[in-house]
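Colleague: Sharing a structure with you now.
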Amino acid sequence: MTSAPALASDIHRLSATELARGLHSRSLSAEAVARACLARVAERDGELQAWVHVDESQVLAQARALDQGPVRGLLHGLPVGVKDVFDTHDMPTQYGSPIYAGFRPRADAAPVALAREAGAVLLGKTATTEFSTFQASPTRNPRNVKHTPGGSSSGSCAAVGADMVPLAFGAQTAASIIRPAAYCGVVGYKPTYGLISGVGVKPLSHTLDTIGCVARTVDDVALFAAALSGDKTLADLPAIHQPLRIGLCKPHADQLLPETHTAMELAAKQLAAAGAKVVEIALSPDHTQLTQAHIDIMAFETARALSDERLRHGDEISAGLRGVIDKGLQMDYAHYAAQLRYVEETRATLPALYARCDVLLAPSAAGEAPLFESGTGDPAWCRMWTLLGLPCVHLPFTQGPQGLPVGLQAVGALHSDRTTLAASAWMLKQLTA
């Protein structure tokens, strides 16, 4: 039996896993779900501007075709938002840049094609910052439009946070999934580097770019990742039977706002009370060096990934991005290579760290979302985890002094995505009980 409410107007508020049960049993139609989401887009997107392309007739045609055929796969009938750095053969893909205004690729990005194959209904393209970097999109925070939704997956996180869509694609090179998920109060999942194919997603940094997803629950992002990664076991997370060993760590602790310190204390207390073994993990002083290594590697690779745009359309690139490109072009290759070696050396020390705990719990951002005019926020609390390729899940569970969302991110060991997601689901349940 589906848990869908009686009122069709409430369908858009259901989680992806709740919707999936109704869609697979046929007690919900794909068209009814699509119409509910489209109505919510019409209601909220005028002020939020989370979407850069939605074609109602195209959406409904997809849904009707699914209703008329067999159940297609894990995502059958589920509406999905596609971040506008993912190529789509039937919708514009503009990468958040005027250089690509109206651009129409001939093929889908691999994760988009996989979502279609699994039965997803592509609701449209969500707004992104310029090439997934720092120049903000027009998107506003769904909890308070005076504030930023974060970046670069700004439209995806705002759309999920405003109940316009149950699932959306994200991509993270620095903090582009976890930080906007934190600001919008949704679950963001950045998998282990390479778990989900990035073919057909606009490249920025080939050693950092990671494809992930955004939803309202941990089970939802696990379902989405199961369909995209080929690891179907992610759709059935194991229960936590033994006491979870949680390591609390605070990179850049001196830059955290009071609400994040409070969230860490609250989490430690509640999780310990639920039976977890919570320990403080003191990061070595060189964690700031990891942050700098990420900045350097990203700049070096971005400067080369955007070579055509720089050479032929330099006047259409924002000043901030030009600064990153210039830094990357001026960087000596020997320094870049040394930073890559340093990352490999650090990655080799991770098994010893994870012998002490099952999962780390760390800040996702400094605190609540800044005002819109202040930019998309500081990525400092995600850079090192992205650099190391570790799976991360943002857990929204409290709020700050302005009533905006605050949470923490679970950080797992390399290739431990299923256990990291299971631990995240358990922790979020305890923190929101």
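Colleague: From the list Q409, Q399, Q339, exactly one residue is surrounded by 15 or more Cβ atoms within 10 Å (Cβ to Cβ), over 22 Å from T173 (Cβ atoms) and not hydroxyl-bearing (S, T, Y). Which is it?
Modeller: Q399
Colleague: Which residue pairs have Cβ atoms under 6 Å apart, sit 6 or more places apart or on different chains, and have a first residue in the stretch 113-138 that is open to solvent by 40 Å² or more (accessible area, probe 1.4 Å) and a second that is assigned to a helix (DSSP H, G or I) and not hydroxyl-bearing (S, T, Y)?
Modeller: L114/L228; F134/G320; Q135/G320
Colleague: Which condition breaks for I297 when tested against (1) in a loop (DSSP other than H, G, I, E, B); (2) over 22 Å from K250 (Cα atoms); (3) of a type outside the set (G, A, S)?
Modeller: (1)
Conditions (1) touching a residue at least 40 places away in the same chain (Cβ under 8 Å); (2) closer than 30 Å to D108 by Cα, marked per residue:
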residue: I211; (1), (2): yes, yes
residue: A222; (1), (2): yes, yes
residue: A227; (1), (2): yes, yes
residue: G230; (1), (2): no, yes
residue: A235; (1), (2): yes, yes
residue: C249; (1), (2): yes, no
residue: A253; (1), (2): no, no
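Colleague: Any residue that is surrounded by 23 or more Cβ atoms within 10 Å (Cβ to Cβ) and either acidic (D, E) or within 20 Å of D308 (Cα to Cα) (or both) - is there at least one of those in the stretch 59-67?
Modeller: Among the residues of the stretch 59-67, not one is surrounded by 23 or more Cβ atoms within 10 Å (Cβ to Cβ) and either acidic (D, E) or within 20 Å of D308 (Cα to Cα) (or both), which makes the answer no.
Colleague: List the pairs whose first member sits in the stretch 38-49 and is under 11 Å from T126 (Cβ atoms), whose second member is among the basic types (K, R) and open to solvent by 40 Å² or more (accessible area, probe 1.4 Å), and whose Cβ atoms are under 9 Å apart, counting only residues at least 6 apart or on separate chains?
Modeller: Close Cβ pairs satisfying both conditions: L48/R140; Q49/R140.
Colleague: Another question, if that's okay. Determine whether the stretch 72-91 contains at least one residue that is closer than 24 Å to K232 by Cβ, free of Cβ contacts under 8 Å to residues at least 60 places away in the same chain and open to solvent by less than 70 Å² (accessible area, probe 1.4 Å).
Modeller: yes
Colleague: How about the stretch 323-357: which of its residues are under 30 Å from L404 (Cβ atoms) and either modelled with pLDDT under 95 or in contact with a helix residue (DSSP H, G or I) (Cβ under 6 Å, 6 or more places away or on another chain) (or both)?
Modeller: Within the stretch 323-357, V324 is the sole residue that qualifies.
The values are calculated or read from the model by the stated rules, or taken from the named source; none is laboratory data. This structure is a prediction, so every number in the text was calculated from the model and none was measured. With ideal geometry, Cβ positions are generated from the backbone for all residues, glycine too; neighbour counts draw on all protein chains shown. What goes into the accessible areas is simple: the full protein's heavy atoms, side chains included, and nothing from ligands, DNA or RNA. Shrake-Rupley method; radii C 1.70, N 1.55, O 1.52, S 1.80 Å.
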